[in-house]
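The values are calculated or read from the model by the stated rules, or taken from the named source; none is laboratory data. Model, not experiment: these values are computed from the prediction. Note: ideal-geometry Cβ built from the backbone for every residue, glycine included; neighbour counts use all protein chains shown. Protein only, heavy atoms only, side chains kept; ligands, DNA and RNA dropped before computing areas. Shrake-Rupley method; radii C 1.70, N 1.55, O 1.52, S 1.80 Å.
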Amino acid sequence: MTDLVLCDDHTVFADALSTVLTQHGFTVRAVTATVSGAVTALRGLNPDLCLLDRTLGDGDGLAALGELTRASARTKILMLTADENPDTAARALDAGAVGYLHKTGSVSSLTQALRRAMDGEVVVELPTRGDRPRSPDPGDPHRLAAHLTPRERQCLALLVEGASTVAMQRRMGISSTTVRTHIQALLTKLGVHSRLEAASFAVRHRLLVDPPHRATGT
């Protein structure tokens, strides 16, 4: 079984992602929010993989790549970040990362990327377009989920499964444009910024297990 260290200073996201990765067959050995914590974890645990955000509590993950690769030469480091600049991705690979992934990716694309990295591939996945949804004020997860329509809840369930837009289109019998519209709406309502974060949020807070307080629309 593949083990990994997760380094991200967004605690809710990191905790939820840890749960999702565990469900997909990975062993999360440690979760840390700082460069120093990542160095300590890699040095002590020598995991197979390290998922590293760029913006951390005590520094820049990109700038720390050299120190991290020295801490555990066997660990494959992939950056998982909201920075979609191709130049940044190139710098990360030059500094020793074996992958550069954007946080707007799906659970399926992330787990596939991790497995490809373990097989020796260099993986770069950046979004091609798309404005990021704006987050509402934070609140109780089930209160936020209560505002999802039945179609949006169906989309959320398919995101948890790791379904692509094409797969969702076929399963739901709607156009890809409508799928994307539903996804953007549910991201905004849940106050998250990517498909991956939405899936992680749903799993963490059991949004698809416990019934919603109410739902609006169809």
*Do you know which residues across region 45-69 are open to solvent by less than 50 Å² (accessible area, probe 1.4 Å), over 19 Å from the mean Cα position of the chain (by Cα) and of a type in the set (A, V, I, L, M, F, W, C)?*
ALA64, LEU65, LEU68
*Looking only at region 84-101, decide whether some residue is at pLDDT 90 or above and basic (Lys, Arg).*
no
*Does ASP83 satisfy the condition of being open to solvent by 30 Å² or more (accessible area, probe 1.4 Å) and not polar (S, T, N, Q)?*
yes
*Which residues, taken from region 3-31, are among the β-branched types (Val, Ile, Thr), surrounded by fewer than 22 Cβ atoms within 10 Å (Cβ to Cβ) and modelled with pLDDT of 95 or more?*
THR27, VAL28, VAL31
*Looking only at region 1-50, which residues are hydrophobic (A, V, I, L, M, F, W, C), over 22 Å from LEU207 (Cα atoms) and assigned to a helix (DSSP H, G or I)?*
VAL35, ALA38, VAL39, ALA41, LEU42, LEU45
*Between residues in region 60-88 that are under 15 Å from GLY105 (Cβ atoms) and residues that are at pLDDT below 95 and open to solvent by 40 Å² or more (accessible area, probe 1.4 Å), which pairs lie under 7 Å by C-beta distance while being six or more apart or on different chains?*
MET79/ARG54; THR81/ARG54; ASP83/ARG54; GLU84/LEU126
*If a residue has to be open to solvent by 10 Å² or more (accessible area, probe 1.4 Å), farther than 20 Å from THR104 by Cβ and not in a loop (DSSP other than H, G, I, E, B) to count, how many in region 142-153 make the cut?*
5
_Enumeration of residues in region 165-186 that are out of contact with any helix residue (DSSP H, G or I) (no Cβ under 6 Å at 6 or more places or on another chain) and closer than 22 Å to ASP83 by Cα_ = ARG180, GLN184
*If you go through region 164-218 one residue at a time, how many are on the phi > 0 side of the Ramachandran plot, open to solvent by less than 60 Å² (accessible area, probe 1.4 Å) and at pLDDT 85 or above?*
0
*Could you give every pair whose Cβ atoms fall below 9 Å, whose first residue belongs to region 166-194 and is without any contact (Cβ under 8 Å) to a residue 60 or more places away in the chain and charged (D, E, K, R), and whose second residue is assigned to a helix (DSSP H, G or I) and open to solvent by 50 Å² or more (accessible area, probe 1.4 Å), counting only separations of at least 6 or pairs across chains?*
ARG171/GLN154
*Within region 125-134, identify whether any single residue is within 25 Å of ASP83 (Cα to Cα), at pLDDT 85 or above and out of contact with any Phe, Trp or Tyr (no Cβ under 9 Å at 6 or more places or on another chain), and answer yes or no.*
no
